[in-house]
Amino acid sequence: MKKALLFAGLLLALTASVAMAAGVSVSWKNFCWGEEGSSTDLTWACTTNINTNIRMTTSFKLDADMPDFVAAEIYMEGMVQDAVVPDWWELGDATTADCRNGTILSASADGTVLANGGGDICFDPWQGGGAGGIGLYSYDGNRMHLNAVWASATEIPLLANTEYFALQFRISGLRTVGTCPGCLVPAIWGLTKIGVCMPMATIYLDAPYLGGNQCLTWQSSTLPCAAPVPARNTTWGQVKSLYR
């Protein structure tokens, strides 16, 4: 019995240490989480059609070196504090009838916009290379779904316990005034997971690293982070897979 309890204790300790060492984070504006200026809430009077701060910057950490990183998959879920998604958050591409369709929503891996070019706390693995973009933007009821991918043709070495810039979602302020109402409706966005890809395998990180941040509020939303971020059920097999 004592051996079983000891093993269970060691297992919990290892699981906790893995969860703290590796994980994801997200911040508003041109900051990775933890950099001076990073924030969880963004408010705006919505009285112009220009706002260059509506940018969700995603990042991640690994707990072991990865010599052959080739791509990052980013998955986000949003929710508004209204019964349905308002016109302002209708961000489909140019082929849709959405109010704010076209190029208003985009994905970028331009690390030069980060604080100090991403060279202090958060490092840019892409260095101007790679390619990718939005894979999905959809909405139903009061929820929004967003994902994107960025990939490199060459393998990139990543170091453990280092915060890396994954990708930035950019939302333009166009068609805010007198065109597509709903900018003032509070909302929350959660970074549900980042897939860190190697040529033959992908590690999915679905929790914040120690001290990280997983959700962003818009217009000081009071919705909890648990609203857009689904419950996780990490198994021992998934934990071990990080070390294979």
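Details
- Spin-label model distance (nm) - T222 vs N116, 7 Å beyond Cα toward Cβ: 3.9
- Contour minus Cα-Cα distance for M200 and T162 (0.36 nm per residue): 11.4 nm
- Net charge dipole, the range 22-238: roughly 360 debye, given to the nearest 20, about the Cα centre with Cβ charges of +1 for Lys and Arg and -1 for Asp and Glu.
- Theoretical FRET efficiency, 1/(1+(r/R0)^6), r = Cβ-Cβ of T96 and Q127, R0 51 Å, to 0.05: 0.90
- Were the residues from V177 through H145 laid out at 0.36 nm apart, the gain over their Cα-Cα distance would be 9.1 nm.
- Placing a label point 7 Å from the Cα of D82 along the Cα-to-Cβ direction, the residues of the range 133-152 with a backbone N closer than 13 Å are 141-143.
- Selection among N116, G182, P208 by position relative to the dipole of the range 22-238 gives G182 as farthest towards the positive end (Cβ unit charges, Cα centre).
Every read-out reported here was derived from the displayed coordinates using simple, explicitly stated rules and does not represent laboratory data. Because the structure is predicted, anything quoted here is derived from the model rather than measured. Every residue, glycine as well, gets a Cβ built from its backbone with ideal geometry; the counts of neighbours run over all protein chains shown.
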